[in-house]
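Colleague: Sharing a structure here in structure tokens format.
Bear in mind these aren't lab numbers, they're just calculated from the coordinates by the rules spelled out. Keep in mind it's a predicted model, so treat the numbers as computed, not measured. Here the Cβ is made from the backbone with ideal geometry for all residues, glycine too, and neighbour counts use every protein chain on show.
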Amino acid sequence: MSRRRVSVRYGPDRRQAGDLWLPHVATGPVPLVVLVHGGFWRAAYTKRLMNRLAADLVRRGWAAWNVEYRRVGRFGGGGSWSASHADVAAALAHVAALEGVDRERVAVCGHSAGAQLALCALAGPKPAATVPRTDPQGVDVRVAVSLAGVLDLVDAADGRLGRGAVASFLGGSPDAVPSRYADCSPLALVPIGIDQVVVHGDDDSVVPRAMSERYAKAAAAAGDRVVLEVAPGHGHLAMIDPRREAWRTVVTYLSDFLA
């Protein structure tokens, strides 16, 4: 299926933008999947990581909103824990203004650090929370998909995932800035209040699969409806390869939720 891609801004900074991918020919509004890329919140990694997934979604007759956000490091736009979270929340809220999409059939899919940002944005208001949440008016987010998500920031910081990426992102260790970890770690925010599909490869050397397993168990115990899928033989980047079995599994779930 042919496609068209347009850049849409959701804020004043040039990084506060996303690519809206749409089928070239559609008889009406189509279901939308919001894509949030990973890269340990660092400027070197951009929304291009998710382009192949966006193209695959359009081929299936859906739309994709592949969002960028301010990130940490040179050329990252002054990203920080607060800026990155605010941007993803704003990008999700902007779904209400996108043209050509069915706002009643929306999914959110994040990879690695992108899953952390997406679940935080969807978690709803929490007592004393300092992280922006989103409540897009007129938008029905039916499911959130985590692909090899960084879902326990305390454990990720203690294990120095991404060569200390978590402490760099949050501005300190769990002992130094505990409130930030409490507000930014999906594990600390359950129940999220939305159906979730958590997918992780059993050969992931970047983010341990045990993190997704522990998160899914805690979220289910807190009352969330969560499905955990462990993908045999999949590493970290295999999660965003549309040719791999893990993505085909995700598409099956999306087909059910977006029907």
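Colleague: Going by average Cβ density within 10 Å per residue, which order do the peptides 173-186, 193-206, 84-97 take, highest to lowest?
Modeller: Top to bottom by mean Cβ count within 10 Å: 84-97, 193-206, 173-186.
Colleague: If each of ASP158 and SER205 carries a label point 7 Å out from its Cα toward its Cβ, how far apart are those two points in nm?
Modeller: 2.4 nm
Colleague: Quick one: dipole size for segment 3-257, taken about the Cα centre, charges +1 on Lys/Arg Cβ and -1 on Asp/Glu Cβ, in debye to the nearest 20.
Modeller: Result for segment 3-257 is approximately 860 debye, rounded to the nearest 20.
Colleague: Taking only Cα atoms, what is the 0 to 90° angle, nearest 10, from helix 81-93's long axis to the longest principal axis of the chain?
Modeller: The two axes meet at around 20 degrees.
Colleague: I've got another one for you. Return the single residue from VAL108, VAL33, VAL190 with maximal mean-square fluctuation; model: Gaussian network over the chain, springs between Cα atoms under 10 Å.
Modeller: VAL190
Colleague: Any chance you could list the semi-axes, whole Å, largest first, of the equivalent ellipsoid that the Cα gyration tensor gives for the chain, using √(5λ)?
Modeller: After scaling each eigenvalue by five and taking roots: 26, 20, 18 Å.
Colleague: Another question, if that's okay. State the antiparallel share, in %, of DSSP beta bridges confined to segment 3-257, rounding to the nearest 5.
Modeller: Bridges in segment 3-257 are about 30 percent antiparallel.
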